[in-house]
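**Q** Here it is: the structure, laid out below.
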Amino acid sequence: MKHVIIFLVLICFYLNGQAQHQKNDTLKHVYITLKSYKQKYKKPLTQKDSLSFLFKDNDTLVLVENYLRPNGVGVPYEYKDSTFLHYYKKIAFRTKSIDSLDKKQTMRYWKDDIKVFFSKSVEKRTRNDFMSFAKSVANQVDSLNVSEVKHVEDSNYIVYYFGDYEYESRMKHYKNSDFYLSWNKHQQIYSCSVKIDTDLYFNEALIQEILKDYFIITLGHFSKINDFSCESYFADCYSKNKQLTTLDIELIKYHYSYGICKGTNLETFEEQHEIAKETLNSHNRKVRFYHPY
């Protein structure tokens, strides 16, 4: 049985449990996953409904006519090859080995602008170096913005040293330089504190180096992996010559792309990509990932 796909959307809004009541608009014919259908509609599917099912691998797609959706935007699926996705999943879902990855691990990201506050101990040249680096990254990544603020109450990203006022009480007993991230139930990061041991990082060059390293990792609670040469910020090895490689930037850009759903676990991420790739290959049509406003 053949069906013409008018639209195939994966509804990030409902998959992440963030449904709200907003003004709706209408799509004439939409295929959505069975999982999305059960989350959105209370009425049971009928035998007539089943005649329009599409089956993709282990997933069922349900045809919905006169589909009402909240105001938002549908973004075409962003295709990436298997090698890129192999690296991305290890970094974004935090594992050394893709074979041992917990399918329930989630990706995390900043939804709001990052506003950086530095303690008075942080020298001006180090502040300037950090902000120049952070803005150079943000300028290459859609939906990522970074700025410096003068007052801690206006910030959501704090940089301070051992011996300064303890801005993050949960780091009070930390013995080594580190960071502390907080995120909400939708996996959106809303605060970060970075605490530096200046006995270990005893000059400005070393402090600048570790701050850049932490900034990249805290953009998504990322893991470092063994697959890259040491100059990459995602490489799990030390180098004095870290630099933003082309692949580093592409990985961050992809993480902040709306051509994928945000804040999902790995299992959902892989399911969505299987559907999107199959639709692209079989019907030469792209899935649209729908993000309400």
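A short reminder: the numbers here are calculations on the coordinates, not readings from a lab. Predicted model only: the values in this text are computed from it and were never measured. Cβ atoms come from the backbone with ideal geometry, glycine included; neighbour counts cover every protein chain shown.
**Q** Let me check against my output: what whole-number percent is the relative contact order of segment 146-212, with C-alpha pairs under 8 Å and at least 6 apart?
**A** Working: 69 pairs, mean separation 21.0, N = 67.
Answer for segment 146-212 is 31 percent.
**Q** Okay, next question. Just to check I understand the Karplus step: with θ = phi - 60° and J = 6.51 cos²θ - 1.76 cosθ + 1.60, what whole-Hz values come out for segment 267-279, glycine and proline as x?
**A** Couplings: 4, 5, 4, 5, 4, 4, 5, 5, 5, 5, 5, 5, 5 Hz.
**Q** Compute the distance in nm between two label points, each set 7 Å from the Cα along the Cα-to-Cβ direction, one at SER143 and one at GLU274.
**A** Result for the modelled spin labels: 2.4 nm.
**Q** Related question: Just how large is the dipole of segment 96-255 about the Cα centre, in debye to the nearest 20, putting +1 at every Lys and Arg Cβ and -1 at every Asp and Glu Cβ? Can you show the working numbers first?
**A** Details: 22 positive and 24 negative charges, 57 e Å.
My answer is approximately 280 debye.
**Q** How much length is gained if the chain between GLU123 and TYR238 is pulled fully straight, taking 0.36 nm per residue apart and subtracting their Cα-Cα distance, in nm to one decimal?
**A** Details: separation 115, 0.36 × 115 = 41.40 nm, distance 2.42 nm.
Contour length minus the Cα-Cα distance gives 39.0 nm.
**Q** I've got another one for you. At 7 Å along the Cα-to-beta-carbon direction for both HIS186 and LEU51, put a label point, then send me their distance in nm to one decimal.
**A** Those two pseudo-labels are separated by 4.0 nm.
**Q** Follow-up question, since we're still on this one. Run through all the Cα pairs of segment 138-293 and give the fraction in each 10 Å bin from 0, expressed as whole percent.
**A** 9, 30, 35, 18, 7, 2, 0
**Q** Mean projection of the alpha-carbon convex hull of segment 197-281 over all orientations, in nm²? Walk me through the numbers before you get to the answer.
**A** Details: hull surface 28.4 nm².
With every direction weighted equally, the projected area is 7.1 nm².
**Q** Let me ask something else. What are the residues whose amide H is under 5 Å from the amide H of ASP227, where those residues sit 5 or more places off or on another chain and H is modelled from the backbone?
**A** ASP236
**Q** Next up: With a 10 Å radius around each residue's Cβ, average the other Cβ atoms per peptide and rank 164-175, 77-88, 222-233, highest first. Don't skip to the end; give the middle numbers.
**A** Working: 164-175: 12.1, 77-88: 14.6, 222-233: 16.8.
My ranking of the peptides, most packed first, is 222-233, 77-88, 164-175.
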